[in-house]
Amino acid sequence: MSPVNRFDDAVTARAVIDDTGRVLRWNEGARRLLGHPAAEVVGRPVAGLLACRAEGALVDFGGDRWGGTLALRHRDGRVLSVWVQAHRRLPADGPPLYLAAAPVEVGTVQTDDPLFRAALTQSPCAMMIYDEGLRLHGVNDAMAALMEMPPARIRGLRPTDLDGEPQTAEFENHMRRVLTTGRGYDMHAHLKAAGEIRAHAWLARIAPLTDPEGRIRGVCVSAHDFTEQHLARERLLLVNEASVRIGTTLDVTRTAQELADVCVPALADFVSVDLLDAREPGAEHAGPPAPPVTLRRAAHQSITPGCPEALARPGQTDLYPVGSPQADSLATGRSIVAAMPTGEDADRFRAWDEARFRRVRELGVHATLSVPLQARGTTLGVAVFTRYQRPEPFTHDDVLLAEDVTARAAVCIDNARRYSRERETTLTLQRSLLPRSLPPTAAVQAASRYLPAARSGVGGDWFDVIPLSGMRVAMVVGDVVGHGIQASATMGRLRTAVRTLADIDLAPDELLTHLDDLVLRLSDESGGDGTGEVGATCLYAVYDPVSRRCTVARAGHPPPVLVPPDGPPRHVPLPSGPPLGLGGLPFESTEFELGEGTVLAFYTDGLVESRDRDVDAGHRLLCEALARPAGSLEETCDRVLHTLLPPGGAADDVALLLARTRGLPPSRVATWDVPADPALVAPIRKQVLDQLSAWALLEASFTVELVVSELVTNAIRYGAPPIRLRLIHDATTLICEVSDTNHTAPHLRRAKTWDEGGRGLLLVAQLTQRWGSRHTTEGKTIWAELGLLEEE
């Protein structure tokens with residue numbers, strides 16, 4: 001079938017009129033009807049064609065459609081009574097236009113037309129018949145009732161003559177395709193029939209009509225209202241969407257926002273989610289709150305940008321009194337549908353919240369649905385669904401749908417609350433087990449950071465700075481496998497063990513060996529088979545500011561990054577060592593010298609590992625961040641975290657420890673070789689007093705003289721040569737060390753009344769702040785630390 005010019009069809013009179021009343025287009029059918037050629041009409045007011053100005057002559061059919069009988073003046077002077085159908089069209093650019101149409105050959109098609117009679121016989125529902133030119137032949141009674149238009153007045157018109165909606169043009173194109181192909185077509189549309197307050201879902205079945213010879217003579221359109229089926233499918237889709245979109249995170253606020261987002265505009269024009277403040281642990285199953293109740297706004301969403309309906313912003317609280325739908329819904333534990341209050345109820349509403357009352361009136365809110373959020377016997381809050389643009393009230397099916405969606409959301413919110421509570425508990429435990437602040441030492445200046453994992457929760461990362469004897473310092477960083485309270489508890493036990501082992505001045509490799517045994521015992525206690533049920537990695541370093549040497553050993557942990565004062569950062573080459581918990585494998589230490597001002601960066605693998613990059617790229621970024629100059633170690637820590645961690649946080653927890661080394665000047669250290677002769681102790685004391693005088697520490701000479709005399713005498717009597725005495729002077733501390741080659745360490749004991757000896761170490765312990773012994777490769781060292789008063 002060849003295409004036809006629908007506007008220039010001579011069977012139907014058509015005219016296009018602008019919003020000022022001027023005629024823009026005039027077709028051949030209009031000339032046949034009124035006798036005026038297009039040249040005489042186009043550009044002139046359409047009022048000139050009216051024989052009289054009858055008020056109310058047109059009937060409003062809704063949807064910018066009008067129709068009625070008008071008295072029009074023929075070119076020869078006759079007055080014709082013509083039924084005119086008109087509707088408004090909105091072009092893509094420019095002002096609105098109006099299409100007026102009227103059939104020229106009215107009455108030429110009779111109700112006994114074979115096509116119309118066949119359609120009436122074959123179709124049991126509302127239908128209409130169109131001929132090959134897509135001109136309406138007729139409608140049955142069911143269709144006439146839906147259209148609310150006189151059937152005789154619309155015969156001969158095309159669909160686009162009756163309605164200017166885009167769906168109507170699409171409908172006409174589908175009918176033309178059916179005429180061309182001979183194959184039927186089902187079209188789905190969402191339209192509001194005449195006299196209805198809301199649009200219905202329609203299925204238009206377009207089928208070809210043929211004559212006895214098989215030629216296509218027209219199309220039959222039957223309309224089926226499947227609104228209920230459509231709504232049921234939409235409800236099912238909303239439930240499915242809610243199961244996918246709600247609960248994507250374990251964040252309470254985000255989950256509440258997902259509930260509001262899913263339900264707008266599918267279920268309501270505005271949705272607010274208000275939650276009760278979290279109860280204390282153990283009170284989850286308390287009864288529903290009694291009104292008045294205070295709720296905190298968690299989220300809201302609106303079809304209007306900016307949410308003008310909301311008087312409370314997220315995070316703000318609001319008080320809901322007795323009689324409010326929110327309070328009643330929480331008290332009864334069931335959904336409440338409420339209409340706009342009137343009379344005394346309206347007065348109570350205004351007295352409760354004047355601003356809310358005015359906002360409801362301004363927006364035209366006509367229905368609200370309050371649904372309590374309940375999960376595992378706990379009332380969490382209430383979700384309120386509001387309609388003001390959608391004219392229809394909430395139905396029973398709407399209530400069931402809202403309850404289903406909110407029930408899913410309530411479980412997710414409860415899960416998020418429980419997770420948040422457990423996470424906060426674990427964080428509290430973690431913070432209590434980590435050092436609150438790093439101790440000040442003469443050996444290093446240190447700064448640290450700890451960040452829990454963004455998603456998987458708190459893990460077992462830890463760090464520590466431990467002062468040792470001889471002004472040395474130990475730096476440790478470790479990572480327990482797993483997350484949660486168990487990992488944090490294991491971390492606390494390992495950190496305590498490291499501090500205990502550090503107090504006896506074990507070498508780094510020996511300390512890791514003892515720590516490995518502890519992890520094996522923890523695995524046995526946890527019910528494992530001893531093959532690593534509890535696993536961890538650890539790095540332990542000891543720095544001596546006197547010799548400026550550092551000794552490091554690691555157990556499966558990433559090596560530190562060394563940043564010299566005048567060079568690029570580099571990784572310290574260390575023997576890897578097995579992770580803790582494997583057992584039976586040795587650990588090795590590496591010793592190297594550090595220049596003063598060197599920065600050592602200790603970290604856990606959560607800092608350099610990421611889903612978006614490999615480990616090597618993470619190490620390169622770490623070195624680049626450490627290479628850039630900074631005013632302080634605190635600023636460097638912040639820059640490292642900002643450079644390596646994504647905006648949403650790391651997938652694993654992160655521990656970072658930076659230490660800038662300091663060296664003790666040789667002028668602050670004095671060393672003497674002591675002959676193994678008790679008679680020479682007095683000259684040694686004299687040399688010590690001379691050194692104290694040089695250091696301006698004569699006020700401590702009495703105590704130092706006693707300590708030196710006792711320690712040197714014990715070394716001569718019980719130790720083995722060579723014997724060496726060393727004094728180390730810091731701003732606030734004086735350390736006395738006596739070393740010999742005997743590996744037997746002294747023990748403090750209480751001397752009996754008549755014992756001639758045994759009181760020396762007791763005297764040392766009373767006169768000094770701390771004392772102790774440490775084993776060395778050559779023997780042992782006995783040390784004592786004295787505190788010095790700072791001069792005013």
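The values are calculated or read from the model by the stated rules, or taken from the named source; none is laboratory data. If you're wondering where the values come from, they're calculated on a predicted model, not measured in any experiment. When we count neighbours, we look across all protein chains shown, and the Cβ atoms used for this are built from the backbone with ideal geometry, even at glycine.
For this structure, a couple of remarks:
- Residues considered: ASP60, ASP64. Of these, the only one that is at positive phi, acidic (Asp, Glu) and at pLDDT below 85 is ASP64.
- Hits in region 371-406 (condition: of a type in the set (A, V, I, L, M, F, W, C) and part of a loop (DSSP other than H, G, I, E, B)): PHE394
- Condition check for ARG297: in the same structural domain as SER272 (by TED's automatic domain parsing), surrounded by 13 or more Cβ atoms within 10 Å (Cβ to Cβ) and either over 30 Å from GLU228 (Cβ atoms) or at pLDDT below 85 (or both): yes
- Where a residue in region 62-86 is outside any strand (DSSP E or B) and its partner, wherever it lies, is of a type in the set (A, V, I, L, M), with Cβ under 6 Å and at least six apart: GLY62/ALA194; HIS74/LEU34; HIS74/LEU80
- Residue count, region 384-401 (criterion: over 22 Å from ALA232 (Cβ atoms) and among the hydrophobic types (A, V, I, L, M, F, W, C)): 1
- Region 376-391, subset in contact with a helix residue (DSSP H, G or I) (Cβ under 9 Å, 6 or more places away or on another chain) and farther than 15 Å from LEU330 by Cβ, residue modelled with the lowest pLDDT: ARG376
- Selected residue (criterion: farthest from LEU267 (Cα to Cα)) from residues of region 313-340 that are in contact with a strand residue (DSSP E or B) (Cβ under 6 Å, 6 or more places away or on another chain) and in a loop (DSSP other than H, G, I, E, B): GLN316
- Pairs, first at positive phi in region 574-590, second loosely packed, with under 14 Cβ neighbours inside 10 Å and of a type in the set (Gly, Ala, Ser), C-beta under 8 Å, six or more apart: GLY583/GLY530
- Top-ranked residue of region 478-504 - restricted to ones that are under 30 Å from the mean Cα position of the chain (by Cα) and of a type in the set (A, V, I, L, M), ranked as surrounded by the most Cβ atoms within 10 Å (Cβ to Cβ): VAL480
- Evaluated against (1) β-branched (Val, Ile, Thr); (2) free of Cβ contacts under 8 Å to residues at least 12 places away in the same chain; (3) not in a helix (DSSP H, G or I), VAL465 falls short on exactly one condition, (2).
- Any hit, region 644-653, residues being on the phi < 0 side of the Ramachandran plot, part of a helix (DSSP H, G or I), surrounded by fewer than 19 Cβ atoms within 10 Å (Cβ to Cβ) and not aromatic (Phe, Trp, Tyr): no
Yes or no, residue by residue, for (1) within 34 Å of the chain's Cα centre (by Cα); (2) at pLDDT below 90:
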residue	(1), (2)
ILE466	no, no
LEU520	no, yes
VAL534	yes, yes
ASP544	no, no
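- Sole exception among (1) without any contact (Cβ under 8 Å) to a residue 60 or more places away in the chain; (2) in contact with a strand residue (DSSP E or B) (Cβ under 9 Å, 6 or more places away or on another chain); (3) part of a helix (DSSP H, G or I) for ASP509, by number: (1)
- Some residue of region 581-593 being under 21 Å from ALA541 (Cα atoms), modelled with pLDDT under 90 and either buried (at least 22 other Cβ atoms within 10 Å of the Cβ) or not assigned by TED's automatic domain parsing to the domain that holds PRO545 (or both): yes
- Residue within region 551-558 that is surrounded by 22 or more Cβ atoms within 10 Å (Cβ to Cβ), in contact with a His (Cβ under 9 Å, 6 or more places away or on another chain) and either of a type in the set (A, V, I, L, M, F, W, C) or in contact (Cβ under 8 Å) with a residue 40 or more places away in the chain (or both) present: yes
- Of all residues in region 341-365, exactly one satisfies the criterion of being touching a residue at least 24 places away in the same chain (Cβ under 8 Å), assigned to a loop (DSSP other than H, G, I, E, B) and surrounded by fewer than 16 Cβ atoms within 10 Å (Cβ to Cβ), namely GLY364.
- Those residues of region 148-180 which are assigned to a helix (DSSP H, G or I), in contact (Cβ under 8 Å) with a residue 60 or more places away in the chain, within 15 Å of ASP64 (Cβ to Cβ) and not charged (D, E, K, R), in sequence order: THR160, LEU162
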